[in-house]
Each structure stands twice: as C-alpha cells, then as structure tokens.
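Colleague: Sharing a structure, written as structure tokens. Questions coming.
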C-alpha cells in the first residue's frame, strides 16, 4: 500500500511539474561583445570590428519581437537592428511592440501618442494615426 501511495504521489508530482513548466523557445544571439563608452552602448565582433557604434542607451536581446530583430534605444526613442547589425529602423518610435494579435508579420509602433503598424523590414503598413485598435477576435478589447 505504501509503495502504491508513493508511486501515485510521484506521478502527481511529475504531472504538476509538467503543467507549470513553460518552454520558451531559445533565440540565438549574435556572437557580439557589448561595449560601453560615455557616449553609450554598442557592439563589436570577436575580431574587434565595430558592428554597432556605441551610441545607444539600451540594446535589447534578439527575439523579443522577432528572432532576427532587436530593439535599440537612443534618446528615449526605439528602433530596430537585424542579426547583421544593420539598422532596419532608426530610433524614432516611443514604443515598438508585437503586432501578432493583428498580423504575425507586423509590429505595433507608437509615435506622439498615436499608433500604427510596420513590418519586419521597417515599412509602414498601417499609418501611425490611430488612438487605439480593437483586437480582431474581441472587438470590445482595445489595445494601445
């Protein structure tokens, strides 16, 4: 009886652990070294070549919005770089968030308290002219 109870408790424990463990996809990060000067943060590669000039106040990890993009922040404005270190969107937005509730290939951007959408290449696909958006599956729920 004791062995059966122990086995049941072990099985329940495994089940509970499986239910509470979230697996987050691992997003590869470039093999760059973050640098910092009085002017700001940037990146160099493992050969010492500058990938991104040290002029940013924040460099976020790749994968927050899309596996191949990272947010850069300069003077409080957000932009995007790609995995090559190319600036896809110069810092110009008050915020950049996922737009996946609307389209998996869009990012929601805010500028001067108005919202719109850009694609992963920085092209504006919905003008930045709206106060808020209703989510497609729940028109009563608005996001901004």
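The values are calculated or read from the model by the stated rules, or taken from the named source; none is laboratory data. Bear in mind that the values here come from a model prediction, so they are computed numbers and not experimental data. Here the Cβ positions follow ideal geometry from the backbone for every residue, glycine too, while neighbour counts run over all protein chains shown.
Colleague: Which is touching a strand residue (DSSP E or B) at 6+ places or on another chain (Cβ under 6 Å), on the phi > 0 side of the Ramachandran plot and in a loop (DSSP other than H, G, I, E, B), of 63, 122? Steps first, please.
Modeller: Details: 63 fails: touching a strand residue (DSSP E or B) at 6+ places or on another chain (Cβ under 6 Å).
122 is the lone residue from the list that is touching a strand residue (DSSP E or B) at 6+ places or on another chain (Cβ under 6 Å), on the phi > 0 side of the Ramachandran plot and in a loop (DSSP other than H, G, I, E, B).
Colleague: What about residue 136, is it under 20 Å from residue 28 (Cβ atoms) and surrounded by fewer than 14 Cβ atoms within 10 Å (Cβ to Cβ)?
Modeller: On the way: under 20 Å from residue 28 (Cβ atoms): no; surrounded by fewer than 14 Cβ atoms within 10 Å (Cβ to Cβ): yes.
Spelling it out, it is not the case that residue 136 is under 20 Å from residue 28 (Cβ atoms) and surrounded by fewer than 14 Cβ atoms within 10 Å (Cβ to Cβ).
Colleague: Which pairs do you get when a residue that is on the phi > 0 side of the Ramachandran plot, found in region 37-55, comes within reach of a residue that is part of a strand (DSSP E or B), reach meaning Cβ atoms under 6 angstrom, with the pair 6+ apart or on two chains?
Modeller: Pairs found: 40/54; 40/55; 40/56.
Colleague: Please verify whether residue 61 is loosely packed, with under 11 Cβ neighbours inside 10 Å, farther than 26 Å from residue 136 by Cβ and modelled with pLDDT of 85 or more, treating the condition exactly as stated.
Modeller: On the way: loosely packed, with under 11 Cβ neighbours inside 10 Å: yes; farther than 26 Å from residue 136 by Cβ: yes; modelled with pLDDT of 85 or more: yes.
Answer is yes for this residue.
Colleague: Something else about it: Under the condition of being modelled with pLDDT of 95 or more and surrounded by 17 or more Cβ atoms within 10 Å (Cβ to Cβ), which residue from region 83-93 is farthest from residue 109 (Cα to Cα)?
Modeller: 88
Colleague: Given the conditions (1) part of a loop (DSSP other than H, G, I, E, B); (2) farther than 21 Å from residue 28 by Cα, and given that residue 90 satisfies all but one, which numbered condition is not satisfied?
Modeller: Here residue 90 meets the rest and fails (1).
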